[in-house]
Amino acid sequence: MTLRRRYREMMDQVTLSEEEKQRILEQALSSVKEEKEEKKPVGKTAYFKKGLAVAAAFAVLVTGGVTVKMTGLLTEPADEGAGEKSRTEAQSVDTGQREARKAVVGDYVRAASYDEIYAAVRKESLWKSLDYFSREKTVDKATTEGTVKNTDTTGVAGANSHSDTNVVTEGVYEGDFVKTDGSYTYQCMEDCLYIYDIRGSKPKEIVKKKIAPREIHTLYLDEERGQLLVVWGKEKNGGRDGVTYVTSYDVTDPGNPKETGVYQQPGYYEDARIKDGIFYLFTNRYLAVEAFWKKEKRQQVIPEINGKRIACDRFYVRPEAGTEYVVSSFALDHPEDSIDQMVIMNHGVSVYMGENALYLYEEEYDKESEKTKITKFTYRDGYLNGVGMAKVTGAILDTFAINEQDGYLRVLSTSWEEESRNRLTVFDEKMEQTGGIEGFAKGEEIYAARCLGNLIYCVTYHNTDPLFVIDVSDPENPVMKGELKVTGFADYLHPFGENRLLGIGLETDPTTGENRGVKLTMYDVADPLKPEVIGVKVLKDLYASDAQYDYKSVFADVKRGLFGFTGSSNRTEEKQVLLFRWEEDRHTFVCKKQKLLTYYGYENTRILRQGERFFIAHRYYDSVGMRREIPLVEPFES
Amino acid sequence: MDEIRENAQRILEEYGDMLFRYAYVYLKEREGAEDIVQEVLVRYLKKAPVFESLEHEKAWLLRVTSNLCKNQIAYNRLRTGEELREELIARECEDYSVVWDAVSDLPDKYRRVIHLYYQEGYSSREIAEILGQRESTVRSLLRRGRQKLKAVLKEVYDFA
């Protein structure tokens with residue numbers, strides 16, 4: 001019997017009786033009636049002790065399986081421009097910076113014509129009419145990836161020194177809901193952009209501007225050019241035809257942002273990276289496969305970027321496809337001109353952008369096992385070229401468990417057979433395996449990883465947490481060096497100065513696994529054979545930290561010995577924002593600032609630094625009413 | 001008022017159990033789940049937008065339920081570990097205690113995607129829309145959730 005059936009059978013027992021439904025009906029009606037009579041502000045009812053604001057209505061979902069009736073093949077829409085292209089394209093256009101593109105990159109095969117693309121979608125549309133939902137779904141690892149040398153949010157130095165978003169790879173920037181240039185903060189929440197002046201003693205809102213119909217996904221502040229890029233999305237046609245926009249604004253006068261251009265890419269926003277003045281946008285789109293015989297639906301198959309159809313040879317097809325993962329690039333100097341585009345006709349993938357290459361990876365399942373397929377692309381000057389593909393056994397469980405250094409890719413993965421096993425695999429520039437370590441920490445899973453040069457630190461956990469140190473200076477022969485067993489585990493590791501590694505995680509009871517509180521650990525990693533714990537602090541009042549699932553929520557300023565994060569509190573329903581200082585001379589963690597967030601609807605927080613002043617920036621569930629009382633950015637006082 | 005009543009009745013008829021089950025799995029207890037259904041109904045009557053389709057309406061209801069449950073859990077942190085533990089052996093699920101225990105041991109982030117996936121049959125894309133998360137995040141949660149369940153339910157788990 002399948003898990004699904006069992007689950008449903010179980011849930012069948014969970015129902016509302018007629019009396020209960022009746023009671024709910026009457027109480028709801030009287031609540032609505034009350035409000036109408038008293039004209040109370042929307043959103044307050046007797047049942048919730050604090051005023052609640054509910055998320056704004058959102059549109060649309062894919063409708064359930066619709067049977068496809070194939071009424072015969074229709075001719076494909078005429079394609080201008082692309083036509084047939086030979087598989088191997090040796091080109092060198094305009095700037096001469098593009099290299100010859102490979103026709104086959106592992107499992108990815110470049111399309112030679114638009115026909116191939118339509119054929120793939122047509123095949124998928126046949127599938128769609130046969131219970132689409134029962135097919136195995138590929139499942140990916142979370143968010144974004146990368147490896148870090150010694151990244152932190154120390155950010156810009158100099159007169160108006162300020163912190164910056166905590167990113168995965170040094171030099172590869174990422175968007176976030178809040179950005180600062182030291183004098184102003186730029187934030188998005190739901191459909192609006194907010195700009196605050198933080199130069200005075202109290203942050204002052206100077207701009208509130210509705211930008212998106214519904215939601216702004218992320219912001220990027222390009223200080224060099226005085227421009228702010230706002231990434232937002234729009235849905236049409238029941239959510240199928242989502243489009244992602246990047247609008248650039250001139251914010252040289254922050255009180256007066258001026259729109260300078262719009263970049264448009266089909267699909268739902270997945271991710272963004274910015275490096276060397278080039279913006280890379282990743283979106284994911286589902287094709288209206290079940291309506292493939294309708295002409296306008298077929299036209300939708302070929303995405304257009306800023307009105308221009310993507311050339312067929314930029315597509316990597318598979319025999320049948322109903323989804324597209326779209327990647328494109330543009331220069332920050334010319335935010336309306338697309339440099340290059342790529343479409344992978346695939347389920348979404350996870351993104352890791354290292355210094356030299358972009359790696360897109362996804363999990364694949366077959367009856368026995370789970371593998372992760374990693375495809376490498378160079379991205380120099382915004383041009384995307386497939387280099388090679390490799391597979392590792394298992395899944396990549398942590399953002400930092402995939403890391404590129406000096407052309408070598410190191411991957412930590414976990415697979416489950418009888419018990420879980422972990423492995424390290426090393427690949428060279430061509431994605432050929434050079435070496436690895438098989439099957440360590442059996443029965444445990446990788447919870448956190450971080451690379452410092454050629455040393456990889458990873459935390460595995462079942463009931464206790466060994467910290468493993470792996471030396472990968474010889475790519476053909478990675479060596480397990482030290483191992484340190486401690487209780488609890490770290491969810492997040494951060495290099496913290498010379499020979500120091502900071503861990504933020506949880507303390508647990510080694511026999512019961514019971515959560516004992518958020519734990520901070522400082523490791524001395526001077527000797528790879530003998531990592532040691534030199535400082536520990538357990539925060540019993542906190543049961544979780546945002547660092548667990550959101551690396552951007554971590555504030556780290558190694559130069560000043562400071563780090564901060566947001567924790568969830570046991571005692572109250574509130575969250576706590578904490579700033580700690582690591583005192584090297586006394587080997588202790590000292591809490592420098594602490595703030596209780598009394599409104600429990602906070603979704604995300606960030607700690608920002610400007611000079612020697614600190615701020616907390618918020619984003620929360622739903623605004624309109626609540627927002628009037630709660631500032632989006634406030635000073636972080638002790 | 002009659003129209004409002006009719007509308008409310010329709011919602012309870014069509015979606016009452018569905019929302020209750022979701023809230024039940026999310027909060028792991030009955031009383032709170034009932035309160036949530038009521039609150040969702042109130043919000044529907046007061047704030048619902050014009051829906052493009054029944055699917056849209058259903059998804060909207062689930063999203064509102066999700067947000068309310070999320071808030072409620074944050075608020076519920078006041079309750080101590082002990083009190084909560086008793087409710088975990090939910091009486092409705094006694095016969096399915098093995099499955100229920102496995103599911104209720106999962107953190108709420110996992111439970112809700114597991115529920116939307118197994119009970120409601122949504123794809124990860126659709127779940128991402130309902131919960132306002134990235135699809136890759138949903139997939140990761142689903143994968144981890146399933147792995148955890150698999151470990152507990154080895155003999156019944158089936159990849160199909």
In Å², nearest 10: area of A:SER183 left accessible to a 1.4 Å probe: 30 Å²
Amide H within-cut-off set for A:VAL486, under 5 Å, with H built and near neighbours excluded: A:ASP465, A:LEU467
Shape category assigned to region A:154-229 from the gyration tensor of Cα positions, a/c cut at 1.5: oblate
Inter-chain Cβ neighbour average for residues B:129-135, partner chain, 10 Å: 5
Other protein chain Cβ atoms within 10 Å, averaged over every residue that makes up B:44-57: 5
Residue pairs, from the table A:LYS430/B:LYS109; A:LYS540/B:LYS109; A:LYS21/A:LYS210; A:LYS373/B:LYS70; A:LYS123/A:LYS391; A:LYS258/A:LYS376, whose Cα atoms sit over 28 Å apart: A:LYS430/B:LYS109; A:LYS21/A:LYS210; A:LYS373/B:LYS70; A:LYS258/A:LYS376
Ranked by how many other beta carbons lie within 10 Å on average, peptides A:539-546, A:458-465, A:528-535 from highest: A:458-465, A:539-546, A:528-535
In range of the label at A:THR464: residues from region A:493-514 whose backbone nitrogen is under 11 Å from the point 7 Å along Cα→Cβ: A:510-511
Which of A:GLU438, A:GLU190 is most accessible, then next, and so on - probe 1.4 Å: A:GLU438, A:GLU190
Interface area, A with B, accessible, probe 1.4 Å, both sides summed, Å² nearest 100: 8400 Å²
Solvent exposure, largest accessible area first (probe 1.4 Å, DNA, RNA and ligands not counted), of A:GLU224, B:GLU126: A:GLU224, B:GLU126
Accessible area (Å², 1.4 Å probe, nearest 10) - A:GLU514: 110 Å²
Under the Karplus curve 6.51 cos²θ - 1.76 cosθ + 1.60, θ = phi - 60°, whole-Hz ³J(HN,Hα) for region A:534-545, x wherever Gly or Pro sits: 10, x, 9, 9, 9, 9, 4, 7, 10, 9, 7, 10
Gyration tensor (alpha-carbon) shape descriptor, region A:316-452, a/c threshold 1.5: prolate
Rounded accessible area of A:ARG5 (nearest 10 Å², 1.4 Å probe): 140 Å²
Number of partner chain Cβ atoms within 10 Å, mean per residue of B:118-128: 6
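The values are calculated or read from the model by the stated rules, or taken from the named source; none is laboratory data. Bear in mind the structure is a predicted one, so any value in this text is a computation, not a measurement. Counting neighbours? That spans all protein chains shown, and the Cβs are built from the backbone with ideal geometry, glycine included. Accessible surface is based on the protein model in full, side chains and every heavy atom, while ligands, DNA and RNA are left aside. Shrake-Rupley method; radii C 1.70, N 1.55, O 1.52, S 1.80 Å.
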